[in-house]
Amino acid sequence: MKTIAFYTLGCRLNQAEEEKLRRQFNEAGFFVARPELADIIVINTCSITGVADKKSRQAIRRLKGLNDRAKIVVIGCGANELGQLPEVDLAIGNKDKDKVFTIITQEYSLVPKFSQQKSSTSKRTRALLKIQDGCNNFCAYCIVPYLRGREKSLSLNELVSEAIKLRKLGYNELVLSGVNVGRHDDLEGLINELLVKTDFPRIRLSSINPQDITPKLIKLWSRDKRLCRHFHLSLQSGCDETLKRMGRPYNGADFTKVVNLIRKEINEVAITTDVIVGFPGETAEEFTKTCDFIKKTKFAKIHVFPYSVREGTKASKMTQQIDSRIKKERAKILRDVSSKLRENYLHDFVGKTENVLFEEKKGSYWWGLTSNYIKVRYEGKVLINQILPVTLKKENIF
Ligand code: SF4
């Protein structure tokens, strides 16, 4: 029986797609092995930046070097380009992403022997469910719409039956992921169905754009405590002029309105975000506006990305590209702001009790995550994938 291995680079959506493929091959009776032992290695590539492209290329060469007799199958956002590499036996582009299982089994004459999967083959405790793909926004710095195409949603029936399968595999948390989860045809309806038809103790949203948050959607959170009190709201800049050049469809006031709506409805909610520093034309004044906006919004955590040019995007053709030394400085400043805000956020939870989903053991400590995105270190007898109430202490939360 042929064995297959997976290696994924890039975003949560790529990881969700790997998870789904693992399940498909596992249910079809194929053994999921480590790359050095596999007959076929599927590499899910990322092409979001030039650096990501390089890493994907290096991974292909390294895995072929590790196991020369294996067939190398390249999928994902870099497949079309990287498929030309001599190490690659088969390349499947994003337009055929939903047919990867069929294409590989046909290409290598694999005969599936379907059986009900009893337990998860994944190393994860949280199940990633891809609900949507593609994007119609064309933000000036982003290549994703060119790589993943137009927005398309998976149907409620398909998603609910997939979720029920994942719950049977023992997962305790379901993470709804996509390029733009807020652009799912019926996100509210989907969440409602998942709450009614599954008994997942936790359901979490991955990154969502502020313009897709509605009062009706947020109402679901005040109705059901299983929905995680965490919103990763993509801001990108706190300066209206910069947002305009980025082609983001909101300004600071719109963003604040959404944050206030969420905080009014959901108690002790975590709001985290992504910010790009050094976007073309970003002056020192504009950057200061971004810092002030971020301090005022009191995020629980900020992921800071120095702008990196991506060929094929509008921003790559913009003049006034910012010097990388300045980008580095601004990233440092904003990461310091983020650490301070994180400290303040965590401080509010010292002495409180929160349910923690334990995910891994490092040394003598178990590590897990609360619903509102607090990492907890815990010493004690715990089993992986358990949800336990823990009284939070200053020295044990991150
Ligand atoms: S919303 Fe903007 S940043 Fe996000 S995937 Fe679409 S184009 Fe890219």
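Residue selection: L110 satisfies the criterion of being buried (at least 17 other Cβ atoms within 10 Å of the Cβ) and in contact (Cβ under 8 Å) with a residue 24 or more places away in the chain. Kindly evaluate D212 against the criterion of being within 16 Å of the ligand (Cβ to nearest atom), among the acidic types (D, E), open to solvent by 50 Å² or more (accessible area, probe 1.4 Å) and at pLDDT 95 or above. No; evaluated as a whole, the condition is false for this residue.
Within the option set A315, A300, A331, being in contact (Cβ under 8 Å) with a residue 12 or more places away in the chain and farther than 27 Å from I143 by Cα holds for one residue only, A300. Determine, yes or no, whether D254 is open to solvent by 10 Å² or more (accessible area, probe 1.4 Å) and either modelled with pLDDT under 95 or under 19 Å from the mean Cα position of the chain (by Cα) (or both). Criteria not met by D254.
Scanning the range 168-209 for residues that are more than 14 Å from the chain's Cα centre (by Cα), within 16 Å of the ligand (Cβ to nearest atom) and outside any loop (DSSP other than H, G, I, E, B) gives R183, L187. Of all residues in the range 127-167, those satisfying the criterion of being open to solvent by 10 Å² or more (accessible area, probe 1.4 Å) and touching a Phe, Trp or Tyr at 6+ places or on another chain (Cβ under 7 Å) are Y141, R167.
Please work out if D240 is charged (D, E, K, R), surrounded by fewer than 21 Cβ atoms within 10 Å (Cβ to Cβ) and within 16 Å of the ligand (Cβ to nearest atom). No; evaluated as a whole, the condition is false for this residue. Please tell me if A284 is among the aliphatic types (A, V, I, L, M), surrounded by 22 or more Cβ atoms within 10 Å (Cβ to Cβ) and more than 16 Å from the ligand (Cβ to nearest atom). So A284 does not fit the description; no. The residue list K332, K340, K352 contains one member that is closer than 19 Å to T242 by Cβ and among the basic types (K, R), which is K332.
For the range 330-372, filtered to residues that are open to solvent by 60 Å² or more (accessible area, probe 1.4 Å) and among the basic types (K, R), the residue that is farthest from K394 (Cα to Cα) is K332. The set of residues from the range 13-40 being part of a loop (DSSP other than H, G, I, E, B) and either of a type in the set (K, R) or surrounded by fewer than 21 Cβ atoms within 10 Å (Cβ to Cβ) (or both) comprises A28, G29, A33, R34, D39.
Scanning the range 154-167 for residues that are among the hydrophobic types (A, V, I, L, M, F, W, C), closer than 17 Å to F200 by Cα and either touching a strand residue (DSSP E or B) at 6+ places or on another chain (Cβ under 9 Å) or not in a helix (DSSP H, G or I) (or both) gives L159, A163, L166. Selection of first residues in the range 72-95 that are modelled with pLDDT under 95 and of second residues that are in a loop (DSSP other than H, G, I, E, B) and buried (at least 20 other Cβ atoms within 10 Å of the Cβ), restricted to Cβ pairs under 6 Å at least 6 apart or on distinct chains, gives the following pairs, ordered by first then second residue: C77/C46; C77/S47; G78/S47.
The values are calculated or read from the model by the stated rules, or taken from the named source; none is laboratory data. Fair warning: this is a prediction, and the values are worked out from it, not measured in the lab. Counting neighbours? That spans all protein chains shown, and the Cβs are built from the backbone with ideal geometry, glycine included. SASA here: full protein model, heavy atoms, side chains in, ligands and nucleic acids out. Shrake-Rupley method; radii C 1.70, N 1.55, O 1.52, S 1.80 Å.
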